[in-house]
């Protein structure tokens, strides 16, 4: 009996490492490319706020044009108006957007008094009927594919003042 400790065989470790590397590369290649999610704003509901903040629930319709369902366990949103941050929100809700399907997700968002003042100051040069650019950025966390990020951008029409008779 020998008193020398056994050393793992280097060729065996190399073969094991190479096999794991090949298996992980093969797994990544089976995920394939995904089409981006389509996100639409479908509703805004007022929520109670604290102090000078304004809160509302943003309802988003998330459409998944892919062959696999998207499972999520958290969502985060940021809304910019005229390239300035206006509102943000997070939710730890979880769910699934089915393959070639859709889901409506509600996320509470807050507008601080400072953000509202900054927007009012920046919008003072806008005229009725003028377009105001917006960007909505968000992410659905978790699931098989990890975090799914999305962006929606467009313009809002600056409202005409109403006159009462």
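Directionally averaged projected area (the range 35-153, Cα convex hull): 8.0 nm². Extension gain for residue 117 to residue 130 (0.36 nm times residue separation, less C-alpha to C-alpha distance): 2.7 nm. Simple spin-label estimate for residue 52 and residue 96 gives 4.6 nm between the two label positions (7 Å along the Cα-to-Cβ direction from each Cα).
Fewest-first ordering of 148, 155, 135 by other beta carbons within 10 Å of each residue's beta carbon gives 155, 135, 148.
Every number here is computed from the coordinates shown, using simple stated rules; none is lab data. This is a predicted model, so every value here is computed, not measured. Cβ sites come from the backbone with ideal geometry, for glycine too, and all protein chains shown count toward neighbours.
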